[in-house]
Structures are given as C-alpha cells and as structure tokens.
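K.L.:
First the structure, then my questions, so here it is.
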Amino acid sequence: MNERTLVAQNLFQVLSAYLATNEIEQLLEKPKSKDHGDVAFPTFILAKTLRKAPQVIAKEIAEQLSSDDFEKIEVAGPYLNFFLNKTKVSHEVLTQIIEEKDTYGSATTGAGENIVIDMSSPNIAKPFSMGHLRSTVIGNALSNIAQKLGYQTVKINHLGDWGTQFGMLITAYKKWGNKAAIDANPINELLALYVKINKLAKEDPSLKDEARAWFKKLEDGDTEALELWNWFKTESLKEFSRIYQLLSVDFNSYNGEAFYNDKMSEVVDLLAEKSLLTESQGATIVDLEQYDLLPALIKKSDGATLYITRDLAAALYRHRTYDFKKSLYVVGNEQAGHFKQLKAVLKEMDYDWADQITHVPFGLITKDGKKLSTREGNVVLLEEVLNEADQRALKLISQKNPDLPNPELTAHQVGTGAVIFHDLKNDRLNNFDFNLDEVVQFEGETGPYVQYTRARSISILNKANFKPDKAINYHLEDAESWEVIKLLQSFPEVVQRSFDKLEPSVIAKHAIQLAQIFNKYYAHVRILDENSEKESRLALVYAVQIVLKADLALLGVSSPDQM
Ligand code: ARG
C-alpha cells in the first residue's frame, strides 16, 4: 500500500465523522524536509466544523491515533507529521517485490478496455524523421504503460500513403525516374525526385497540373498509377521495418491514409445529412467558427479529399472496430490545430465519444540549433543515428568490460536504448537539440547510466550468490536505505501518474532518481559486509534491479545483465 493511503486510512479511524478516506488522502502533503517525516496532514480544513484552532485539532488527533504503521507522529503547529515505521514498510515493500517480480506495479484498472494509439505514422517515399522517432517511442511507451495497468492497446501506424504529393511523385518519376536507382536506394531517390519537382514547380505551374491529374488517376484506380504507388509504398515499408526492428517496436495495424479511400464517402454523406457542409470558393468545408477554429476542409474544388477527411473516416472506423475507451494521437505539436478541428467536427456530428479522443503532442527536435526539414533536404537519417549510437556504445563497453560475451547485442541495447531514453526523459512538450555525444554516456541522466546501475546490482547479487526467499523477514531501518525503499514503494503510483498525464518522462525520471539514490546508498553502505543486515541489504539490491528493469521496460529500453 502506498504511504498516503496508509496515513489516510489511519486518520479515517479518527475522522470518519467528517471526511472520507479519499478526501483525507487528497489533503495529505509531502513535507519539504525529510526531518518532518514522510507524510503531513494539515488540519485547517477541520477548524470550521470543529470550531477549534488547527493547532488544537492537530494535538487532539495525535492523541487518538495509535498504530504500529508509524515510528512516531509529531505535531508541528497545525500539521501532523507522520514518520512511517521503517521496519514494517521496508519489510512489506521488499516482500511484495520479491513475490511479484516483473508484475510489481501492475494493476487491473484497465481490464476489458481498449486504448487506441495512433503512433509513428511516417510518410512513405520520405525519410523517417526524428519527429517520427519521437512519435514511435512515446507511443510505444504509452502502450506499455497502459498495458501495465491492464488495458488492451491497439497500436496503429497511420501511414502517410495518400494525398496530392503522390501525384507529384508519379509525375517526377515519369519524367526523370530511374528504376534501378530507386531499387538500390528507394527513399533517397524518391526524396530527390520529390525535392526536384517541388523546386521546378515553383517556376513551372504546369507541373502541378500534371501532378493533380496523376493524383486524380490514382484516386480513380488507374492501373499504372496504382502500380507505381504500390511500389513506392512497398519499398518505403522495407526501410521503415528495419527501423522498427532496431527499436523493437511493432504495430497492431498498418492501416494508413489510403485504407480510408473507400470509407470517406460515408463521412461526407453523414456530414451532409447533419447539414454541416457548406461551400466556400468551390471547396466543401465544415465551419468551425464557434470553436474559434479555421474551417475544416473536407473536399477540394476538384473533389479530392483531404488529410482531415481521412482522419474523420479513421476516427469512425476505429470507434466502430475497437470501441475504445481512449483514442490517442501521438503527433507533433505543430498539428495541434488539425486535431482540434478533428475533435470539433466529431462533436458537431454529435458523437459523445469525441471527448475520448486526445492529441498527445510533443516538441520539436533540432540539430545544432536548426530545424529539420524534409523539403529543404536538412534531414537526419534515423537509421544512421541508431547505428552510430550502437557503435559508440560498443566502444565504451569494450573499454569498460573487454571480456563481455556478445558485445554487439549489448552495444545495441545500450546505444539504441540511449537514444530512446534520451527522447523520453524530458517532458514530451519540451523542444530539444539532438547531440549524440550527450546521449550515449555512462554518466549523467542517461539510459546507459540506469542500465549500468542495474547491471552492477546484478553483479553484486551474483557475487553474494543471493537467492531471495520470501519467508525471510527482510527489513532495514537506516536513513540511506529508507530513501531507496520509498522510491521502490512509489513505483505503482508513478506508473499510474505517467498514464494519467500521458507522460513517459514520469517513468524515466523515476528510473534516474532510483539509480542515483541507489548509487548513493552503494557508496555509503558496505553491502557485502558480514552482519545481521546483509541479507536484507541484498534483498534491497535485488528489488532495485527489478524496479529499474521495469522502469526501462515501460520505456521500451532493454536491460542487459552485464555491460
Ligand atoms: N503522416 C503524418 C505526418 O508525418 C502524421 C499522421 C498522424 N496521424 C493522424 N491520424 N493524422 O505528419
């Protein structure tokens, strides 16, 4: 049980006439300094009801409380400061972790409910960008976190595989394309074609007309157009899957934009039935002025559908197919307007589930202070970044531990894990500059630091040949171990909080803190010294490695036992 619930339940014994347990729990505070105990209860709220000064109330409550859950309860003016019983709590926490192992922190809150996560969703024929990396790893972490709480998740890769840009690409290919070159290096070649035609089209508008015509053919099911489009898509997916394999991320569905081609007329009909469509300069729109939003453009003047039309069809399809509790869209903050429009249109359509749709935005990654842009050719090739990270990790590992078996696998877990961890450790809305030197480091707040701390705890356990035994009464009372115990104890709450905020950084920060506090413990306490506490100290080390591994697993980062 977490410390707040414990304190609340004790206080409820005395305050049941005035407050419910959960109300008490919400009032509890975390004391600013460790000297003031683990949890504090401010009594102000009772002053009016009891017609007494808070100081008096605090004293009276303290006199009525008696429980072996606490070492002591101190009255500090209007506050009651609770000092948890370290012997009891440490015993409970260690025993629970030893019993539950990998399932520690799991819950059944989400049982029977589906959460849909629209994530990664790169555009075919374009490089997989750092932004898509963010979407992939944030989405994957949110899926892991939701699953830990018992939800079923559906990870959807909403591929950008439709739209007028494919008219541009087909036109460019017909004019300048070379099949062999594309087969050899698909995304780079296709990107070059795309950049070239965009540049030339600025001078020569007829290219745009040609592109429009090709896209129209594509939408009408023309064989040649479809064949080219399919080829571009297959080749792109080959490259993307290599990246997903490196990241160990998989999907439940690859239904991208094109999947909704035959599902959009339904949306347009529904919008018309509900009298939501208006004409504007030849285009068909949904007016969203009352939401203070730009109109949603449903159809262009030539009848072509748009990004939001496909997203409306997708939302309807997902609701029908997965009956979701929540439908998340892990997409960069620059698309916030789009998702506001999407939600507003669904509201206008009177779908009560529109509120279950949530855009999970994230900030921008820059490189050397500059914005990355596909169209300008300022791109970072993700596969190269991951390979470079693995190489650097290999170098570091070979210096530290030249005898390590299978160093390549460990280097991949550390290098790629470092990139993922770095992406997830800051609040997702923060922008950051990507610098591999900072990412692959054994010191500082990095993934390798957490992994290394865990690997070292495994080696301590091996040295001592420790086997946890839940029949043993492990317990610790010293101040250093208490800090570790409290971080172990808070793990289930941390998981819940990261889910509530849809914020994987809450987990990453817990991992960093636990690793730091554990290293402090390790520096102060001679774990392997023979005395009556030794087994309990080893049980603590054992619990720490379980929770560090669980933290990393939620983030989608592996934990090598040796490094
Ligand atoms: N393909 C889009 C892009 O790269 C992201 C798609 C996000 N998902 C969605 N349902 N709109 O910008």
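K.L.:
Does Asn81 meet the test of being of a type in the set (S, T, N, Q), away from the ligand (no atom under 16 Å from the Cβ) and assigned to a strand (DSSP E or B)?
P.N.:
Judged against the criteria, Asn81 is a match.
K.L.:
Being among the hydrophobic types (A, V, I, L, M, F, W, C) and buried (at least 18 other Cβ atoms within 10 Å of the Cβ) is the filter here, so list the residues in the range 95-113 that pass it.
P.N.:
Ile97, Ile98
K.L.:
Please work out which residue is farthest from the chain's Cα centre (by Cα), limiting yourself to the range 335-348 and to residues that are more than 14 Å from the ligand (Cβ to nearest atom) and crowded, with 17+ Cβ neighbours inside 10 Å.
P.N.:
My answer is Glu348.
K.L.:
Further question: Filter the range 106-130 down to residues that are touching a Phe, Trp or Tyr at 6+ places or on another chain (Cβ under 7 Å) and β-branched (Val, Ile, Thr) and give me whichever is farthest from Tyr329 (Cα to Cα).
P.N.:
The qualifying residue farthest from Tyr329 (Cα to Cα) is Ile124.
K.L.:
Right, another one. Being within 11 Å of the ligand (Cβ to nearest atom) and either surrounded by 16 or more Cβ atoms within 10 Å (Cβ to Cβ) or part of a strand (DSSP E or B) (or both) is the filter here, so list the residues in the range 322-334 that pass it.
P.N.:
Of everything in the range 322-334, those that are within 11 Å of the ligand (Cβ to nearest atom) and either surrounded by 16 or more Cβ atoms within 10 Å (Cβ to Cβ) or part of a strand (DSSP E or B) (or both) turn out to be Ser327, Leu328, Tyr329, Val330, Val331, Gly332.
K.L.:
Looking at the range 26-46 only, could you name the residues that are surrounded by fewer than 20 Cβ atoms within 10 Å (Cβ to Cβ) and either at positive phi or part of a helix (DSSP H, G or I) (or both)?
P.N.:
Gln26, Leu27, Lys34, Asp35, His36, Phe44, Ile45
K.L.:
If you check His319 against the conditions, is it within 14 Å of the ligand (Cβ to nearest atom), at pLDDT 95 or above, within 18 Å of Asp287 (Cα to Cα) and within 24 Å of the chain's Cα centre (by Cα)?
P.N.:
No; evaluated as a whole, the condition is false for this residue.
K.L.:
Applying the selection to the range 56-78, what residues are within 16 Å of Glu29 (Cα to Cα) and in contact (Cβ under 8 Å) with a residue 40 or more places away in the chain?
P.N.:
Listed by number, the list holds a single entry, Ala76.
K.L.:
Something else now. In the range 110-127, which residues are hydrophobic (A, V, I, L, M, F, W, C), part of a loop (DSSP other than H, G, I, E, B), at pLDDT 95 or above and away from the ligand (no atom under 11 Å from the Cβ)?
P.N.:
Ala111
K.L.:
Among the residues of the range 82-104, count how many are more than 30 Å from Leu65 (Cα to Cα) and touching a residue at least 24 places away in the same chain (Cβ under 8 Å).
P.N.:
Summing the residues that are more than 30 Å from Leu65 (Cα to Cα) and touching a residue at least 24 places away in the same chain (Cβ under 8 Å) in the range 82-104 gives 5.
K.L.:
Inspect the range 358-374 for any residue being within 12 Å of the ligand (Cβ to nearest atom) and either free of Cβ contacts under 8 Å to residues at least 60 places away in the same chain or in a helix (DSSP H, G or I) (or both) and give the result as yes or no.
P.N.:
yes
K.L.:
Is it fair to say Leu276 is of a type outside the set (Ser, Thr, Tyr), in contact with a strand residue (DSSP E or B) (Cβ under 6 Å, 6 or more places away or on another chain), touching a residue at least 12 places away in the same chain (Cβ under 8 Å) and away from the ligand (no atom under 16 Å from the Cβ)?
P.N.:
Answer is yes for this residue.
K.L.:
State whether one or more residues within the range 138-154 are surrounded by 15 or more Cβ atoms within 10 Å (Cβ to Cβ), charged (D, E, K, R) and part of a helix (DSSP H, G or I).
P.N.:
Within the range 138-154, one or more residues are surrounded by 15 or more Cβ atoms within 10 Å (Cβ to Cβ), charged (D, E, K, R) and part of a helix (DSSP H, G or I).
K.L.:
Could I ask something else about it? Count, please, the residues in the range 155-182 that happen to be buried (at least 18 other Cβ atoms within 10 Å of the Cβ) and either within 14 Å of the ligand (Cβ to nearest atom) or assigned to a loop (DSSP other than H, G, I, E, B) (or both).
P.N.:
Going through the range 155-182 one residue at a time, the tally reaches 12.
K.L.:
Do we find a residue being more than 30 Å from Thr410 (Cα to Cα), within 16 Å of the ligand (Cβ to nearest atom), out of contact with any Phe, Trp or Tyr (no Cβ under 8 Å at 6 or more places or on another chain) and not aromatic (Phe, Trp, Tyr) anywhere in the range 258-271?
P.N.:
Yes, there is a match, as at least one residue in the range 258-271 is more than 30 Å from Thr410 (Cα to Cα), within 16 Å of the ligand (Cβ to nearest atom), out of contact with any Phe, Trp or Tyr (no Cβ under 8 Å at 6 or more places or on another chain) and not aromatic (Phe, Trp, Tyr).
K.L.:
Residue pairs, Cβ under 7 Å, 6 or more apart or interchain, first in the range 105-133 and closer than 15 Å to Asn144 by Cβ and of a type outside the set (A, V, I, L, M, F, W, C), second assigned to a loop (DSSP other than H, G, I, E, B) and within 10 Å of the ligand (Cβ to nearest atom). List them.
P.N.:
Between residues of the range 105-133 that are closer than 15 Å to Asn144 by Cβ and of a type outside the set (A, V, I, L, M, F, W, C) and residues that are assigned to a loop (DSSP other than H, G, I, E, B) and within 10 Å of the ligand (Cβ to nearest atom), the close pairs are Ser120/Asn157.
K.L.:
Okay, moving on. Restricting attention to the range 128-137, report how many residues are surrounded by fewer than 24 Cβ atoms within 10 Å (Cβ to Cβ) and either more than 14 Å from the chain's Cα centre (by Cα) or more than 12 Å from the ligand (Cβ to nearest atom) (or both).
P.N.:
Qualifying residue count, the range 128-137: 3.
K.L.:
Give the residue that is farthest from Thr164 (Cα to Cα), with candidates limited to residues of the range 298-316 that are within 15 Å of the ligand (Cβ to nearest atom) and among the charged types (D, E, K, R).
P.N.:
Out of the qualifying residues, it is Asp311.
K.L.:
Let me ask you something else. How do the helices (runs of 4 or more DSSP H) wholly within the range 397-479 filter down when requiring 3 or more residues that are at pLDDT 95 or above and not small (Gly, Ala, Ser): which remain?
P.N.:
Filter on the range 397-479 gives 407-425, 447-463.
K.L.:
In addition: Which condition number in (1) within 15 Å of the ligand (Cβ to nearest atom); (2) under 30 Å from Gly417 (Cα atoms); (3) surrounded by fewer than 18 Cβ atoms within 10 Å (Cβ to Cβ) is the one that Ser248 fails?
P.N.:
(1)
The values are calculated or read from the model by the stated rules, or taken from the named source; none is laboratory data. For clarity, every value in this text was computed on a predicted model and none was experimentally measured. Every residue, glycine as well, gets a Cβ built from its backbone with ideal geometry; the counts of neighbours run over all protein chains shown.
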